[in-house]
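The next block holds one structure in the form of structure tokens; read it before the comments.
The values are calculated or read from the model by the stated rules, or taken from the named source; none is laboratory data. Values in this document were obtained by computation on a predicted structure and should not be read as measured data. For neighbour counting, all protein chains shown are included, and Cβ atoms are generated from backbone atoms with ideal geometry for every residue, glycine included. These accessible areas exclude ligands, DNA and RNA; they are computed on the full protein's heavy atoms, side chains included. Shrake-Rupley method; radii C 1.70, N 1.55, O 1.52, S 1.80 Å.
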Amino acid sequence: MLTNEQTDASYQQAFAALHSVVIDPAATPEQQSLAREKRDLLTLEYIGHAIANIEERTRQFRKFIGEMKAVIAEFGSGSTIAGIRRLQEIVDAAGELVGAALAPAAAAKTVTGKPARQAPKRGAEKPPKRVPKKAGKKAAKGPAKKLAKKPAKKPAKKAAGKLSKKPARRAAKKSARKAATTPAPKARAKRARPAKRGR
């Protein structure tokens with residue numbers, strides 16, 4: 001992890017190297033002006049500015065390295081000015097700090113990040129998605145269709161037929177039973193009238 005102390009120490013060292021270029025008589029006025037500008041930039045934007053977020057701190061430290069490399073390029077790789085050679089050493093050390101800080105994070109991503117993501121994809125996602133959905137749809141549609149179509153049509157017809165036929169059959173059976181069990185009504189015999197007697 002790249003700490004605020006490490007980054008601030010690099011900023012301070014770069015400031016000292018640039019200041020030595022500003023006061024070096026071997027540097028041209030243009031080179032001194034460039035060194036002065038970058039030295040003041042370090043004071044304004046980098047030195048003493050602690051950053052709590054590690055990613056933001058690393059991003060700013062990389063920006064610092066890029067700006068110092070630009071200064072070295074202006075002077076040329078074979079520059080004999082002591083301050084520039086010192087600045088090159090500081091930039092190299094800063095690059096090593098960034099590499100050491102990012103190595104554990106990269107290792108953690110490759111070791112723990114990828115298998116953790118891939119394991120659920122291989123084992124859990126494909127079979128449960130396809131099989132339960134189709135099975136669930138069939139299970140839901142099948143009984144619903146059977147309940148909606150068959151019981152509504154056939155029992156209704158049967159019930160209607162039974163209701164219409166049964167009472168007629170029952171009535172016919174009852175009338176047949178009554179006819180068979182009840183005796184026919186007897187005809188009343190006419191009484192003979194007594195003969196009229198004479199007075």
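What the table shows:
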| item | result |
| --- | --- |
| Options I54, V71, L42, ranked by Cα towards positive dipole end of region 15-76, top entry (Cβ charges) | I54 |
| Length-normalised contact order of region 4-76 in % [C-alpha pairs under 8 Å, at least 6 apart] | 35 |
| Residues A52 and E89, FRET efficiency given R0 of 45 Å [Cβ-Cβ distance, rounded to 0.05] | 0.95 |
| Percent carbon-and-sulfur accessible area, region 4-76, ignoring ligands, DNA and RNA, probe 1.4 Å | 53 |
| Given charges at beta-carbon only (K, R positive; D, E negative), |dipole| of region 4-76 in Debye | 120 |
